[in-house]
1. Count charges around residue 182 for me, please; just the other residues with Cβ under 12 Å from its Cβ, Lys/Arg as +1, Asp/Glu as -1.
2. When the Karplus curve 6.51 cos²θ - 1.76 cosθ + 1.60 is applied with θ = phi - 60°, which whole-Hz ³J(HN,Hα) does each residue of the stretch 76-86 get, with x for Gly and Pro?
3. So how many Lys-Lys pairs in the chain land under 30 Å Cα to Cα, not counting same-chain pairs under 8 apart?
4. Can you pull the percent of the stretch 4-66's accessible area that's carbon plus sulfur, 1.4 Å probe, other chains left in place?
5. Can you check what the net charge comes to around residue 142, using other residues whose Cβ is under 12 Å from the Cβ of residue 142 (Lys, Arg +1; Asp, Glu -1)?
6. Which value in Å is the Kirkwood Rh of the chain over different Cα pairs?
7. With charges set only on the Cβ (+1 for Lys and Arg, -1 for Asp and Glu), what does the dipole of the chain come to about its Cα centre, in debye to the nearest 20?
8. When the Karplus curve 6.51 cos²θ - 1.76 cosθ + 1.60 is applied with θ = phi - 60°, which whole-Hz ³J(HN,Hα) does each residue of the stretch 120-127 get, with x for Gly and Pro?
Amino acid sequence: MAPIPGSGLAKGLAVTLRTMTRKHGTEQYPDALPELPPRTRGVIGLFEENCTVCMLCARECPDWCIYIDSHKETVPPAAPGGRERSRNVLDRFAIDFSLCMYCGICIEVCPFDALFWSPEFEYAETDIRDLTHERDKLREWMWTVPAPPALDPGAEEPKEIAAARKTADKLAAARKAESEEGDA
């Protein structure tokens, strides 16, 4: 049997009409932000207080896109008769996101939990040289990191959180003392 002339055209139009009547799955991105899964890998955030400048993240990075500079400072003895200690102080921490392949190795090898995945994904730049983000920008992204899952109700507070709280309390007390001295 011979095909009916124009049947191919009719089939094509039927497909077009069927597609036109369906609801579109397109999201209008700038107007409506996408709903991201909880473990989205967007950008890397830096929690400076936990960074000991051990350089593990920079050494393990397969792309060599992490730049760290530091200097040593002498810390006075904690107790009388003790000895002075030296510690590394972070001067520069930068990640070149034009080189980064978002593998997460730097986050995995950090022994002090100073690096985290942030779901932030809107950091495009018009110039590739502007994709090297310094520690202040990485610090801003740290606050977009979702909270970890809750601990068991009977568990004790993690040591990291207790240490961070103690440091924050010391800084607040020092600032309060400075402000009181300035007022007097």
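The values are calculated or read from the model by the stated rules, or taken from the named source; none is laboratory data. No experiment lies behind these values; they were computed from the predicted model shown. Positions of Cβ are backbone-derived with ideal geometry, glycine not excepted, and every protein chain shown enters the neighbour counts. These accessible areas exclude ligands, DNA and RNA; they are computed on the full protein's heavy atoms, side chains included. Shrake-Rupley method; radii C 1.70, N 1.55, O 1.52, S 1.80 Å.
1. Values: positive: 175, 176; negative: 178, 180, 181, 183.
It works out to a net charge of -2.
2. With the stated coefficients, the stretch 76-86 comes to x, x, 6, 10, x, x, x, 9, 6, 10, 10 Hz.
3. Taking the Cα cut-off of 30 Å, the pair count is 13.
4. Numbers: 2970 of 4920 Å².
Roughly 60 percent of what the probe reaches on the stretch 4-66 is carbon or sulfur.
5. Details: positive: 135, 137, 139; negative: 48, 49, 113, 120, 136, 140.
With Lys, Arg at +1 and Asp, Glu at -1, the net is -3.
6. Details: mean 1/r = 0.0465 Å⁻¹.
Taking the inverse mean of 1/r over all distinct Cα pairs, the chain comes out at 21.5 Å.
7. Details: 22 positive and 31 negative charges, 170 e Å.
Computed charge dipole of the chain: roughly 820 debye.
8. With coefficients 6.51, -1.76 and 1.60, one gets 5, 10, 9, 9, 5, 10, 7, 10 Hz.
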